[in-house]
Amino acid sequence: MTAKTEADAFVRAASLEDLQASRRLAVRVGGHSLALFLEGEKVHAVDNRCPHMGFPLDRGTVNDGLLTCHWHHARFDLESGGTFDQFADDALVFPTQIRNGDVWVDLTPRGDWKEYRRGRLEDGLERNISLVMAKSVIALLDGGEDPSVPFRDGLLFGVRYRRGGWGQGLTMHTCMMRLLGHLSPEDRPRALYHGLSAVARDSDGAPPRFILSPLPDTTVDAPTLKRWFQRFVEVRDAEGAERCIVSAVRSGVDHRTLADMLFSAATDHRYIDIGHPLDFTNKALEALDVAGWGHAEPVLSSLASGYANADRMEESNSWRNPTDLVDILEGAFEELPHALDEGRGRRGEWTGRKALIPVLLGEDPQAIADALLGALRRGATEAELAGDVAYAAALRIAHFHTSNEFGDWDTALHTFTFANAVQGGLRRVSSTELLRGVFDAAMSIYLDRFLNVPPARLPRPDGENRRPEELLEELKALLDRQQRVNEAGDTVARYLYGGGDLGPLLSTLGGLLLREDRNFHTIQAVEAAFQQYSMSIGTPEGVHVLVAAARYLAAHAPTVRSQGQTYGIARRLSRGEMIHEEG
Ligand code: FES
């Protein structure tokens, strides 16, 4: 066997005479479609598919060393293939030689394609170019890259390039990452594309965030930092609060201590900013679980301004009048340590959800607070109680009547995602301060009671024997039409009560979410419902939670689906399809 020399890599592409006759040629060599250009005495070989959207580059114009594509006018340096238009990628160029009157081309792949694609993903994030992000994430995942890599790239971009800190974009990004495992392989890059695009959109035109340094050589202990942090949030000092966060991270305290610190400030006041800061906190912690806790400083510090600047429900009329819910809650909070002490010896025995739910959905806020304390005394754990409240919040959506004002879907949604986040936090860290969030969520469910007047009926098993695949197709068709809310809920219930497999249902619901244009609240609704369902698989409660998700999704579909069109173009290009040849 002989060693391969550089010359061996060249293959014959065309006769020089033919190229001289037309100055350009389209040829196929070794499975590649090439455009050959003769400029002066120099022969250039370029991949003939424009890296933007695949238009044949041999139909472009060459002038002064620049090749211009005739579709969207992207320009390329003929020598290197580098583009001057960031919406396009660099063109692939190949070394050429003239041998015995023929043009020879070396098609050997060059460079590190993964690095290039990650760089382009960064370009897409910086310039908010969805097609570039879609192409990059498809190429990365198709090439075997772990999804956590582009997820982490988007996360670190988002926490840095938005002065306002953690927002809706990063929340959608994290929701999408958490949905990934439920999606079909084909939909996984689509989910990341939506998340990354949401981050880019949030940062587009926003000033960057300059992250504070920790206290120098600090020996301040975690309880003191936590106390200072709460005090700074109390007086709305976002920078003081941020320095406490980064100092706590740098001092090496464990993840639970950090979570406890953040959740304490998120629940020092009632239902701040209709639950968003607490939900964002939970999502930031979940994002670090994926991206790695080595990134805790930039990620967690991005939350500080959300706590400091939030509206506090103590100052809102509905939490004060006609019944002072804050008074009721503060009374309950005084009882919390005793209730927990009393219940400690009975943990593991809690079976009271069935009796608790009607109270939570009822009309008496004092009875609600008392029932929650009673549950703790009877041995309910913090996370179990949070789960009961999250289920009650999901029922508000499952019972949401379509005669309500459309915007009130969001009212029910906020309570549900808040309750889900409180439970997520309590599963991570057992915190009496965060337990206050369970009571806040319960009061918000109480305030949302008008949304269930009259209540939409919950679907029940109807004995109808339909094929599961047929029901999934029906669900897809329903969401092609507006306001098929009850029908969508019925179809999901029929599927589950009929014994349909869970996996195809979740991947279908996820796919239906992804085919729509992004809606922050719908993404939150579906992700929280999947999370809640994972804790009640095979139960009627689980059915109700997914019915709630399907109803919410159906209420917000169909959208224009333009974002899906961009993704579809990127997907077709990745398969080598000719976009420009479609009639
Ligand atoms: S610029 Fe070439 S296809 Fe768009």
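The values are calculated or read from the model by the stated rules, or taken from the named source; none is laboratory data. In this text the structure is predicted, and so the values were computed from the model without any measurement. Neighbour counts run over all protein chains shown; Cβ positions are idealised from the backbone, glycine included.
So here's what we get for this one:
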item	result
Residues of region 291-341 classified as of a type in the set (Asp, Glu) and either closer than 30 Å to Arg209 by Cβ or surrounded by 16 or more Cβ atoms within 10 Å (Cβ to Cβ) (or both), total	5
Which numbered condition Asp89 misses (of (1) within 9 Å of the ligand (Cβ to nearest atom); (2) touching a residue at least 40 places away in the same chain (Cβ under 8 Å))	(1)
Helices (runs of 4 or more DSSP H) completely within region 289-371 that count 2 or more residues being assigned by TED's automatic domain parsing to the domain that holds Ala238, small (Gly, Ala, Ser) and touching a residue at least 40 places away in the same chain (Cβ under 8 Å)	296-301, 304-308
Qualifying residue in region 427-434 (condition: closer than 26 Å to His338 by Cβ, crowded, with 24+ Cβ neighbours inside 10 Å and in contact (Cβ under 8 Å) with a residue 60 or more places away in the chain)	yes
Those residues of region 108-130 which are aromatic (Phe, Trp, Tyr) and either modelled with pLDDT under 95 or surrounded by 17 or more Cβ atoms within 10 Å (Cβ to Cβ) (or both), in sequence order	Trp113
Whichever residue in region 40-86 is under 18 Å from Ala14 (Cα atoms) and in contact with a strand residue (DSSP E or B) (Cβ under 6 Å, 6 or more places away or on another chain) and, among such residues, is nearest to the ligand (Cβ to nearest atom)	Leu57
Contacts under 7 angstrom Cβ, first residue in region 50-68 being in a loop (DSSP other than H, G, I, E, B), partner within 12 Å of the ligand (Cβ to nearest atom) and of a type in the set (D, E, K, R), 6 or more apart	Pro51/Asp89
Residue within region 243-252 that is part of a helix (DSSP H, G or I) and of a type in the set (S, T, N, Q) present	yes
Residues located in region 101-120, provided they are among the acidic types (Asp, Glu) and closer than 30 Å to Glu17 by Cα	Asp102, Asp106
Selected residue [more than 19 Å from Pro468 (Cα to Cα), modelled with pLDDT of 95 or more, crowded, with 18+ Cβ neighbours inside 10 Å and out of contact with any Phe, Trp or Tyr (no Cβ under 6 Å at 6 or more places or on another chain)] from His544, His556	His556
Residue that is among the small types (Gly, Ala, Ser), closer than 13 Å to Val547 by Cβ, within 13 Å of the chain's Cα centre (by Cα) and part of a helix (DSSP H, G or I), where the choices are Ala488, Ala529, Ala525	Ala525
Pick from region 563-579, criterion closer than 13 Å to Tyr193 by Cα and not aliphatic (A, V, I, L, M), ranking: surrounded by the fewest Cβ atoms within 10 Å (Cβ to Cβ)	Gln565
Single unsatisfied condition, Glu122 versus (1) away from the ligand (no atom under 11 Å from the Cβ); (2) touching a residue at least 24 places away in the same chain (Cβ under 8 Å); (3) over 26 Å from Ser197 (Cβ atoms)	(3)
Count - residues of region 298-352 that are hydrophobic (A, V, I, L, M, F, W, C) and closer than 16 Å to Ile272 by Cα	9
The listed residue being touching a Leu at 6+ places or on another chain (Cβ under 8 Å), charged (D, E, K, R) and outside the structural domain of Arg270 (by TED's automatic domain parsing), out of Asp388, Asp410	Asp388
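Every residue, every condition in (1) surrounded by 15 or more Cβ atoms within 10 Å (Cβ to Cβ); (2) under 32 Å from the mean Cα position of the chain (by Cα), yes or no:
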site: His52; (1), (2): yes, yes
site: Pro56; (1), (2): yes, no
site: Gly65; (1), (2): no, no
site: Thr68; (1), (2): yes, no
site: Leu92; (1), (2): yes, no
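Conditions (1) closer than 23 Å to Val137 by Cα; (2) within 16 Å of the ligand (Cβ to nearest atom); (3) in contact with a Gly (Cβ under 9 Å, 6 or more places away or on another chain), marked per residue:
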residue	(1), (2), (3)
Asp501	no, no, no
Leu509	yes, no, no
Phe520	yes, no, yes
Ala525	no, no, no
Ser536	no, no, yes
Glu541	no, no, no
Pro558	no, no, no
Gly576	yes, yes, yes
